[in-house]
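Here, each number is a calculation from the coordinates, and none is a lab measurement. Just so we're clear, the structure is a prediction, and the values are computed from it rather than from any experiment. Neighbour counts are summed over all protein chains in view; Cβ atoms, including those assigned to glycine, are modelled from backbone coordinates with ideal geometry.
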Amino acid sequence: MEKIVIVGTGCAGLTAALYAARANLSPLVLTGIQPGGLLTTTSIVENFPGFPDGVDGYELVTRIQKQAERFGARVQFGSLESADFTARPFKLSVDGNIVETESVIIATGAGHRHLGLENEHLLENKGVTYCATCDGALPMFRNQPLVVVGGGDSACEEALYLTKFASVVYLVHRRDKLRASKVMADRVANHPKIKMIWDSAVTDVLDVKQDKVTGVRVKNLLTCVESTVDCAGLFVAIGHVPNTKLFKGVIDQDENGYITPTAGAATNIPGVFVAGDCSDHVYRQAITAAGAGCAAAIEAGRYLEALGY
Ligand code: NAP
C-alpha cells in the first residue's frame with residue numbers, strides 16, 4: 001500500500017513529490033496524459049525565482065522531477081481513471097490497476113479553454129491550435145498571417161512567439177484593454193508585426209470544406225459588423241479549465257470546477273489534499289503552484305504522522 005499518491009506532474013505535483021520524498025514518504029507520482037503539465041508547453045519562463053535569464057518550461061519541470069527522484073519519489077506514467085474515497089485506504093484506479101493509498105494530493109492542473117465553435121473543433125490540428133510553442137514552427141504557419149484570440153498573458157506570449165514565423169499576427173480581444181501584465185501588454189503594443197483587433201470575437205473558423213484554416217470570421221461587438229480575416233492558423237489562448245471532472249460530487253468544487261480547500265491544502269475528505277492550478281483561479285503561476293505543492297506535502301505528512309507513519 002502507498003502512503004501517498006500525487007496525481008499530476010506539473011510544478012505543484014512535482015514540488016509536492018520533492019517535499020514528500022524528503023520526508024521519507026516515498027511518494028508515487030502519476031503523470032497523467034500530459035507529463036510536466038501545461039508549463040511544458042510554455043517557451044521561456046521569466047518569472048520563476050532563481051533563473052535571472054529565464055528557464056525553458058520543460059527544463060524547469062524536468063529539473064524538479066530529477067530533484068524529487070533523487071530523494072525517492074517514484075514517477076509513473078499513468079492516468080487516474082477513478083478514485084474511491086469512501087473508506088481508508090483510498091482506492092485509485094490507475095490504467096486498469098487498483099492502487100491503495102493512505103493519502104492523495106490532487107495536482108491535476110488545468111487544460112486549455114476552447115471557444116466552443118463547431119468549426120474550431122473540426123479544424124483542430126488543421127490550423128486551430130492551443131499552443132504556439134508546440135505548433136507555431138510548423139511549415140503551414142510560416143510566413144502566413146496568423147490569428148491569436150485572447151487578452152491575457154498567454155495570448156500575448158503566443159502572439160509574441162508567433163512573430164518569429166508569421167507574416168503578421170492579429171490579436172483578437174473581446175474588450176478594448178488587455179488583461180495581461182503591463183510588461184507583456186507593452187511588448188505586444190510595441191511589436192511591429194502584431195495588429196490588435198479590439199472589441200471583437202471570433203465567431204467562425206474557415207474553411208472546413210478545404211480541411212484547413214484559411215481565415216476566421218470576426219465580429220466587432222460594438223458595431224456588430226462581421227468581417228473575414230484571412231489566416232493560416234487560429235491560436236486560441238482564452239484561459240483554462242481545471243482538470244477536476246473526475247472528482248465532481250466528491251471533492252468540493254466551486255461553480256467553475258476549481259477545487260475549494262476547506263483550510264490550507266485540505267479538502268472536504270480527510271487525507272485528500274489539493275495543490276496548484278486545479279484549485280487556483282487567482283494566481284495561476286508556476287511559483288504559486290510550486291508553493292501550494294510544498295504546503296500540500298507538508299499537510300499530508302502531518303496527516304500521515306497522526307496515523308502513525
Ligand atoms: P487569463 O488571464 O484568464 O486570460 C484569458 C483571456 O481570454 C482574457 O483576456 C479573457 O477576456 C479572454 N477570454 C476568456 N474567455 C473567452 C472567450 N470565450 N472568448 C474570447 N475571449 C475569452 O488566462 P491566461 O492568459 O491563460 O493566463 C492565466 C494565468 O497564467 C494568469 O495568471 C497569467 O498571468 C499567467 N501567465 C503568465 C505568463 C507570463 O508571466 N509570462 C504567461 C502565460 C500565463 P477578458 O479579459 O475579457 O476576461
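For the range 114-236, what does the alpha-carbon gyration tensor say about shape, rounded, prolate or oblate, given a ≥ b ≥ c as the root eigenvalues, a/c under 1.5 as rounded, and a/b over b/c as prolate? Here the range 114-236 falls in the oblate category. Each DSSP beta bridge with both residues in the range 114-236 is either parallel or antiparallel, and the antiparallel ones are about 40%.
Within a straight-line Cα-Cα reach of under 16 Å, K177 can be paired with the following lysines, leaving aside sequence neighbours fewer than 8 residues apart in one chain: K195.
Sorting the segments 2-8, 176-182, 74-80, 212-218 by their residues' average number of neighbouring beta-carbon atoms within 10 angstrom, most packed first, yields 2-8, 212-218, 74-80, 176-182. Shown is the FRET efficiency for E59 and S79, computed with R0 = 22 Å from the Cβ-Cβ distance and rounded to the nearest 0.05: 0.35.
Cysteine residues of the chain whose C-beta has no other cysteine C-beta under 4.7 angstrom: C11, C156, C224, C231, C278, C294.
Remark: the D199-L221 segment gains 7.4 nm on full extension, using 0.36 nm per residue and subtracting the alpha carbon distance. Ordering G32, N119, T101 by Cα displacement along the dipole of the range 1-133 toward the positive end leaves T101 in first place; charges were set at the Cβ atoms of Lys, Arg (+1) and Asp, Glu (-1). Computed over the range 114-236, relative contact order equals 31 percent, with contacts defined as Cα pairs under 8 Å that lie 6+ residues apart. Cα gyration tensor of the chain, axes a ≥ b ≥ c as square roots of the eigenvalues: rounded (a/c below 1.5), prolate (a/b > b/c) or oblate? It comes out prolate by the Cα gyration axes.
When the chain is treated as a GNM with alpha-carbon contacts under 10 Å, the residue of V274, V169, V45 showing the greatest mean-square fluctuation is V45. Relative to the Cα centre, the charge distribution of the chain, modelled as +1 at Lys and Arg Cβ and -1 at Asp and Glu Cβ, gives a dipole magnitude of about 420 debye.
Here the Karplus curve 6.51 cos²θ - 1.76 cosθ + 1.60, taken at θ = phi - 60°, turns the phi angles of the range 78-90 into couplings of x, 10, 6, 9, 7, 9, 10, 9, 6, 8, 8, x, 5 Hz, with x standing for Gly and Pro.
Look at where the Cα atoms of the range 258-286 and of the range 91-143 average out, and the two centres are 21 Å apart. Rounded to the nearest whole Hz, the Karplus-based 3J(HN,Hα) values (6.51 cos²θ - 1.76 cosθ + 1.60, θ = phi - 60°) of the range 265-281 follow the sequence 9, 6, 9, 5, 9, x, x, 10, 10, 9, 8, x, 5, 6, 10, 10, 9, with x at glycine and proline.
Checking the a/c ratio against 1.5 first, then a/b against b/c, what shape does the Cα gyration tensor give for the range 251-309? It comes out oblate by the Cα gyration axes. Once C-alpha pairs closer than 8 Å and six or more residues apart are averaged by separation and normalised to the residue number of the chain, the relative contact order reads 21 percent. Here is what passes the span test in the chain: the DSSP H helices with alpha carbon length of 15 Å or more along the helix axis and a Kyte-Doolittle mean of 0.5 or above are 11-22, 286-306.
Go through K3/K248; K164/K212; K182/K248 and tell me which ones have a Cα-Cα distance over 26 Å in this structure. Beyond 26 Å: K182/K248.
Along the axis of the charge dipole computed for the chain (Cβ charges of +1 for Lys and Arg, -1 for Asp and Glu, origin at the Cα centre), the listed residues L162, G78, Q67 are led at the positive end by L162.
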